[in-house]
């Protein structure tokens, strides 16, 4: 029996020719589409006939198009702010170091050191890492959009193959990129420098760039890459790199963006704005969790990691969804506002989101108690961030999974109940209940400590019958204060004037029926009489 040709292996023009010249029955007889059955393949062919309308056009196509120009990166000054440009370079360094560490652990520096050093006198910025260097054959990865060692299935934080290039155009009018590649084969390292002058950066059509072999080893160590940038002047004429406030703003962005990643990877060190000034994670300030814990209450933060698999191009790939949730120590806005932070592979990309999970959390003032993060761990293609990793793509499959899967929703529901119980505490009890701080990270090692942690496997394709295991922790709240006074239920009824006279006579109440005092007495006596009917009658001896 002759093996059928796979329809997926044909180019577009060949498919059109076959659709034009043969019936669907003939095509199904001679071709297949992967592992699809004949019925599914017929449906696919019907869709393609409607989409391409092969019989309406000439058989031979004409060709148009040309290589893209550099406008996409030259306009980076409109897309990125200074912090974001530096974060793109840091992303690339971390990915390169981790990728090399996975392939050549013995030929990789045990620590990644990223130095960002600004010389205010010359207006120059030096960016340096020791992620392994770049071989001559891959210098294009540093400069030309679309070229990178990352792909959709890489597990990293720099995934769109344009970020580092845009960073150059955003920050610099000229740049010298020197790199000394640490050859894992130990057959010789290359030590070269790429020069991108102002003319090259402004020429939208020029992609070819010069690089020079170093005459000697110079100052670069094996595995180091160094960007020396002439910083772009500001339109207002000011110099941001001379402004302490601006430098502190960038330092804070670095600390927030990579705080979780650095805590989990203590081998990664970032220095800014001088070589001697290390940016240290401060998760305890950023996540001001309540730590109340005794026999009646436990509000310490909880971590649940859901493991599952999602589809990409017909293949299943494993991912993990880490949910950390707890209670804030204040109900006010404060420095540590309410909401969820969104991470991709431990890198922060959206801070304090209050809308994404709003349907699963309490409303009004109770929402101010909410604090936590969602961290999606896995191939880049499943991380729901935009090109510059600062906005959330809400219609991605992984977001729908988080918002609709019963087991995940149950975690949010448990904490929503806890928030509501806290808010119902007696006056003064709310502040007392949540005032104890919980230290999420060790002050010296920055190692994270979760008092309640569990891993749960879920099926992303099936939701019915999937509940949170019964042994998963649930927050508990029991007010230690006095029980709030029962406000009671107010009832009311009207009687005629004649009925009021009869009641007054029965209860021996004298005075004008229009008198508030008489009305109140009638009401009290009527209530007393009605309640007496509910009391059990004593039996005679």
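Please indicate, with yes or no, whether at least one residue in segment 324-335 is within 18 Å of residue 475 (Cβ to Cβ), surrounded by fewer than 20 Cβ atoms within 10 Å (Cβ to Cβ) and in contact with a strand residue (DSSP E or B) (Cβ under 7 Å, 6 or more places away or on another chain).
No - not one qualifying residue is present in segment 324-335.
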In segment 62-100, what residues are assigned to a loop (DSSP other than H, G, I, E, B) and either crowded, with 20+ Cβ neighbours inside 10 Å or on the phi > 0 side of the Ramachandran plot (or both)? 65, 70, 80
Tally the residues that are crowded, with 21+ Cβ neighbours inside 10 Å, part of a loop (DSSP other than H, G, I, E, B) and touching a helix residue (DSSP H, G or I) at 6+ places or on another chain (Cβ under 8 Å), restricting the search to segment 131-149. 4
Selection count where residues are at pLDDT below 80 and either exposed (fewer than 12 other Cβ atoms within 10 Å of the Cβ) or in the same structural domain as residue 421 (by TED's automatic domain parsing) (or both), scope segment 484-527: 9
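How many residues does segment 311-322 hold that are closer than 15 Å to residue 345 by Cβ and more than 16 Å from the chain's Cα centre (by Cα)? Walk me through how you get there before you give the answer.
Within segment 311-322, the first condition is being closer than 15 Å to residue 345 by Cβ, and the residues that meet it are 317-322.
The next check asks that each one be more than 16 Å from the chain's Cα centre (by Cα); those that pass are 317-318.
Total satisfying the criteria: 2.
One line per residue, one yes/no per condition, for (1) in a loop (DSSP other than H, G, I, E, B); (2) free of Cβ contacts under 8 Å to residues at least 40 places away in the same chain; (3) outside the structural domain of residue 128 (by TED's automatic domain parsing); (4) more than 20 Å from residue 135 (Cβ to Cβ):
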residue: 185; (1), (2), (3), (4): yes, yes, no, no
residue: 195; (1), (2), (3), (4): no, yes, no, no
residue: 199; (1), (2), (3), (4): no, yes, no, yes
residue: 204; (1), (2), (3), (4): yes, no, no, yes
residue: 208; (1), (2), (3), (4): yes, yes, no, no
residue: 215; (1), (2), (3), (4): yes, yes, no, no
residue: 220; (1), (2), (3), (4): yes, no, no, no
residue: 227; (1), (2), (3), (4): no, no, no, no
residue: 230; (1), (2), (3), (4): no, no, no, yes
Considering every residue within segment 120-130, establish whether at least one is out of contact with any helix residue (DSSP H, G or I) (no Cβ under 9 Å at 6 or more places or on another chain), surrounded by fewer than 18 Cβ atoms within 10 Å (Cβ to Cβ), assigned to a helix (DSSP H, G or I) and in the same structural domain as residue 265 (by TED's automatic domain parsing). no
Restricting to segment 369-399, name every residue that is at pLDDT 90 or above and more than 23 Å from residue 307 (Cα to Cα). 369, 370
Among the residues of segment 171-189, count how many are in contact with a helix residue (DSSP H, G or I) (Cβ under 9 Å, 6 or more places away or on another chain) and either crowded, with 18+ Cβ neighbours inside 10 Å or over 30 Å from residue 104 (Cβ atoms) (or both). 9
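Okay, residues lined up against (1) surrounded by 10 or more Cβ atoms within 10 Å (Cβ to Cβ); (2) under 26 Å from residue 315 (Cα atoms); (3) under 42 Å from the mean Cα position of the chain (by Cα):
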position	(1), (2), (3)
2	no, no, no
8	yes, yes, yes
17	yes, no, no
24	yes, no, no
36	yes, yes, yes
40	yes, yes, yes
45	yes, yes, yes
Exactly one condition in (1) at pLDDT below 95; (2) in the same structural domain as residue 135 (by TED's automatic domain parsing) is not met by residue 65; state its number. (2)
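One line per residue, one yes/no per condition, for (1) out of contact with any helix residue (DSSP H, G or I) (no Cβ under 6 Å at 6 or more places or on another chain); (2) without any contact (Cβ under 8 Å) to a residue 24 or more places away in the chain; (3) under 17 Å from residue 304 (Cβ atoms):
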| residue | (1), (2), (3) |
| --- | --- |
| 327 | no, no, yes |
| 330 | yes, no, no |
| 337 | yes, yes, no |
| 340 | yes, no, yes |
| 344 | yes, no, no |
| 351 | yes, no, no |
| 365 | yes, no, no |
| 401 | yes, no, yes |
| 406 | yes, no, yes |
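Does residue 248 qualify as being surrounded by fewer than 16 Cβ atoms within 10 Å (Cβ to Cβ), more than 23 Å from residue 178 (Cα to Cα), at pLDDT 95 or above and touching a strand residue (DSSP E or B) at 6+ places or on another chain (Cβ under 7 Å)? Before you say what the answer is, go through the steps one by one.
Values: surrounded by fewer than 16 Cβ atoms within 10 Å (Cβ to Cβ): yes; more than 23 Å from residue 178 (Cα to Cα): yes; at pLDDT 95 or above: yes; touching a strand residue (DSSP E or B) at 6+ places or on another chain (Cβ under 7 Å): no.
No.
Filter segment 190-205 for residues that are in contact with a helix residue (DSSP H, G or I) (Cβ under 8 Å, 6 or more places away or on another chain) and within 30 Å of residue 75 (Cβ to Cβ); which is surrounded by the fewest Cβ atoms within 10 Å (Cβ to Cβ)?
Step one: filter segment 190-205 for residues in contact with a helix residue (DSSP H, G or I) (Cβ under 8 Å, 6 or more places away or on another chain), giving 190, 192, 194, 196, 201-202, 204.
Then keep just the ones that are within 30 Å of residue 75 (Cβ to Cβ); that gives 192, 194, 196, 201-202, 204.
Working: 192: 18, 194: 19, 196: 21, 201: 19, 202: 12, 204: 14.
So the residue we want is 202.
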Keeping to segment 277-302, report how many residues are in a loop (DSSP other than H, G, I, E, B) and under 25 Å from the mean Cα position of the chain (by Cα). 9
Looking only at segment 381-399, which residues are within 12 Å of the chain's Cα centre (by Cα), touching a residue at least 60 places away in the same chain (Cβ under 8 Å) and either on the phi < 0 side of the Ramachandran plot or in the same structural domain as residue 260 (by TED's automatic domain parsing) (or both)? 382, 383, 390, 398
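The values are calculated or read from the model by the stated rules, or taken from the named source; none is laboratory data. Model, not experiment: these values are computed from the prediction. Quick reminder, even Gly has a Cβ in these numbers, built from the backbone with ideal geometry, and neighbours come from all protein chains shown.
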